[in-house]
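*Asks:* Once you've had a glance at the structure underneath, I'll fire off some questions.
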Amino acid sequence: MIVELQKVLSTLEIPADWVGLRAVKEAIAYRSVRDGLPQDNSKSTNYGVMVEVLVNGQIGYSAVNSLQPEQIQQAAAIAYQQALAASQWAIYPMTVAARPKVVGQYTSPFLKPFDVMTAGEVNDLLVRLCQTLKVSDHIVQTNAVAMTNETEFWFVSSNGSEVYQKFLLLETHFGATAQDGAMVQQRSNNGYLAHCYQGGWELFPEPNLWERARQIGEQTVELLTAEECPTATTTLVLAPDQMMLQIHESVGHPLELDRILGDERNYAGGSFVKLSDFGNLSYGSKLMNITFNPTVPGEFASYQFDDTGAPATKEYVIQEGILQRGLGSLESQTRAKVPGVACARASSWNRPAIDRMANLNLEAGTDSLDDIIRNIDYGVYMESNRSWSIDDQRYKFQFGCEYGKLIENGQLTKTVRNPNYRGTTPEFWHSLIRVGNNDTWQIYGTPYCGKGEPNQAIRVGHGAPVCAFAGVEVFGGGE
């Protein structure tokens, strides 16, 4: 494909300062089962080419769902005219420095390719999961999902870039709903589709899958008779599957440079963070170390290059609580005059790359889970996100979890239902008092981070340890 794209590139008849061709091919298989009955068993393939051009300091875009040279030429002509017209009102003049020459390859690590399991074998696995989840007549619904995505990416440019990347993406989910009269509770495997990784079928089924499914079913029933989460200002301990949402909403989105610059404001809001805060703002306690790291093997949003070709490296976004850099592409870094990361990403061939999270992780600390719990006289432990709400500046938030435990005299005791907590972003992260060690560090992800107009749902990964926060408002769902 690289050779074919280079041939097309060499024949384009537009007087642009720079041209890039990004071809993407996605093959997706989706299987879902509810109550042991197959609901969806589908496969799809799509491909196309995005043409980017730089004219008079302005970047223009046009995409086409064809690999035919004539149609790519037509798309290039549209992108050129778009850039030429928009350059009259350009916000900031760009140069070719925003599209450096890069050459390289990346392939997701995997052992078992997606064709080693038939559709029937995957469906049988999902049916058995539903059967295992139904541990009681109180379980009124079970569901299980498995989705595979094999994406290939080719990128060439007029300044000599040649990049090929191949991603194997596996997303799985299962959960149950229990009911007793008016009481309804849900429990899932670390939240909806939280098990998102790069790799093959060696990742699913996991060795403890059936034990975990039975546990999920039993905990769903357990929640029906559990006490309501108390209302208190107390110590909150979050499991890694809830830390995923906490990092995503209260660190990731506020630090997107295009959001801070105002590009996203009319759709999903802005940010309480100002450009002058980078290098200065105390975002959290000294235990807070957040890294942008697309180099973690197997994490959902790993890559060698972003979708404009910028080489991906691990970078501290927040180090010892101090804000270091934003989540912004080379274009946003140029406009904002603050350091960023290689995060220009597009959801597919028919979308321009914009500032996105990739893998955004909280680095591990030194405490074991036992050490964290042992040192708490009273508090609440919460797992698995159930709901979230955050304002349009990403400042005030309220999050709900599926499952909670009281912490009393240094021990996990009673199960509590409807556990929720609220806070404001800087105050919450300054209340971080303990960070779990590598034994507690876990990776999750989601394929549905939404942003942009037109909307782009994109893959992100988040790794985190168990964490404890002091003086947090927790509360239940009420009767």
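*Asks:* With the structure loaded, tell me whether Asn361 is in contact (Cβ under 8 Å) with a residue 60 or more places away in the chain, part of a strand (DSSP E or B), within 21 Å of Ala310 (Cβ to Cβ) and not aromatic (Phe, Trp, Tyr) or whether it fails that test.
*Replies:* Judged against the criteria, Asn361 is a match.
*Asks:* Got a sec? Which strands (runs of 3 or more DSSP E) wholly within the stretch 365-479 have at least 3 residues that are of a type outside the set (Val, Ile, Thr)?
*Replies:* So the answer is 378-390, 396-408, 411-417, 420-424, 442-451, 456-464, 467-475.
*Asks:* Mind counting the residues in the stretch 60-73 that are surrounded by fewer than 23 Cβ atoms within 10 Å (Cβ to Cβ), under 14 Å from Ile14 (Cβ atoms) and either of a type in the set (A, V, I, L, M) or in contact (Cβ under 8 Å) with a residue 40 or more places away in the chain (or both)?
*Replies:* 3
*Asks:* Please specify each residue of the stretch 1-50 satisfying the condition of being surrounded by 14 or more Cβ atoms within 10 Å (Cβ to Cβ), outside any strand (DSSP E or B) and polar (S, T, N, Q).
*Replies:* Listed by number, the list holds a single entry, Gln6.
*Asks:* Asp137: assigned to a loop (DSSP other than H, G, I, E, B), at pLDDT 95 or above and open to solvent by 30 Å² or more (accessible area, probe 1.4 Å), yes or no?
*Replies:* yes
*Asks:* Still on this structure: From the list Ser348, Ser387, which residue is without any contact (Cβ under 8 Å) to a residue 40 or more places away in the chain and of a type in the set (Gly, Ala, Ser)? Talk me through it step by step, then tell me what you get.
*Replies:* Numbers: Ser348 fails: without any contact (Cβ under 8 Å) to a residue 40 or more places away in the chain.
The match here is Ser387.
*Asks:* Let me ask something else about it. Out of the stretch 261-279, which residues are polar (S, T, N, Q), out of contact with any Lys or Arg (no Cβ under 8 Å at 6 or more places or on another chain) and at pLDDT 95 or above?
*Replies:* Applying the first criterion (polar (S, T, N, Q)) to the stretch 261-279 yields 266, 271, 276.
Cutting the leftovers down to out of contact with any Lys or Arg (no Cβ under 8 Å at 6 or more places or on another chain) gives us 266, 276.
Correct list: Ser276 only.
*Asks:* A further question follows. Go through the stretch 432-479 residue by residue and tally those that are polar (S, T, N, Q) and more than 24 Å from His173 (Cβ to Cβ).
*Replies:* Residues that pass the stated criteria total 2.
*Asks:* Exactly one of (1) under 26 Å from Pro113 (Cβ atoms); (2) of a type outside the set (A, V, I, L, M); (3) under 22 Å from the mean Cα position of the chain (by Cα) is unmet by Trp154. Its number?
*Replies:* Only one criterion in (1) under 26 Å from Pro113 (Cβ atoms); (2) of a type outside the set (A, V, I, L, M); (3) under 22 Å from the mean Cα position of the chain (by Cα) is unmet by Trp154, namely (3).
*Asks:* Same structure again: Out of all the residues in the stretch 291-315, which are over 14 Å from Ser329 (Cα atoms), part of a loop (DSSP other than H, G, I, E, B) and of a type in the set (S, T, N, Q)?
*Replies:* Correct list: Asn293, Thr295, Ser302, Gln304.
*Asks:* Please state which of the following conditions Asp115 fails to meet, knowing it meets all the rest: (1) surrounded by 15 or more Cβ atoms within 10 Å (Cβ to Cβ); (2) under 30 Å from Glu299 (Cα atoms).
*Replies:* Of everything listed in (1) surrounded by 15 or more Cβ atoms within 10 Å (Cβ to Cβ); (2) under 30 Å from Glu299 (Cα atoms), Asp115 misses just condition (1).
*Asks:* Report yes if some residue within the stretch 167-181 is modelled with pLDDT of 95 or more, open to solvent by 30 Å² or more (accessible area, probe 1.4 Å) and aromatic (Phe, Trp, Tyr); otherwise report no.
*Replies:* No, the conditions are met nowhere in the stretch 167-181.
*Asks:* A further question follows. With respect to Lys101, determine if the residue is within 30 Å of Val145 (Cβ to Cβ) and open to solvent by 40 Å² or more (accessible area, probe 1.4 Å).
*Replies:* Spelling it out, it is not the case that Lys101 is within 30 Å of Val145 (Cβ to Cβ) and open to solvent by 40 Å² or more (accessible area, probe 1.4 Å).
*Asks:* Taking the stretch 235-274 as the search range and keeping residues that are open to solvent by 10 Å² or more (accessible area, probe 1.4 Å), among the small types (Gly, Ala, Ser) and assigned to a loop (DSSP other than H, G, I, E, B), which one is farthest from Arg386 (Cα to Cα)?
*Replies:* It comes out as Gly262.
*Asks:* Now for a different question. Could you please tell me which pairs satisfy a Cβ distance under 7 Å, a separation of 6+ or placement on different chains, a first residue in the stretch 406-433 that is more than 18 Å from Cys229 (Cβ to Cβ), and a second residue that is buried (at least 20 other Cβ atoms within 10 Å of the Cβ) and of a type in the set (Gly, Ala, Ser)?
*Replies:* The qualifying pairs are Thr425/Ser250; Trp429/Gly284; His430/Gly284; Leu432/Gly284; Ile433/Ala468.
The values are calculated or read from the model by the stated rules, or taken from the named source; none is laboratory data. Quick caveat: nothing in here was measured; it's all calculated off a predicted structure. Neighbour counts are summed over all protein chains in view; Cβ atoms, including those assigned to glycine, are modelled from backbone coordinates with ideal geometry. Remember, those area values only see protein heavy atoms, side chains included, never the ligands or the DNA or RNA. Shrake-Rupley method; radii C 1.70, N 1.55, O 1.52, S 1.80 Å.
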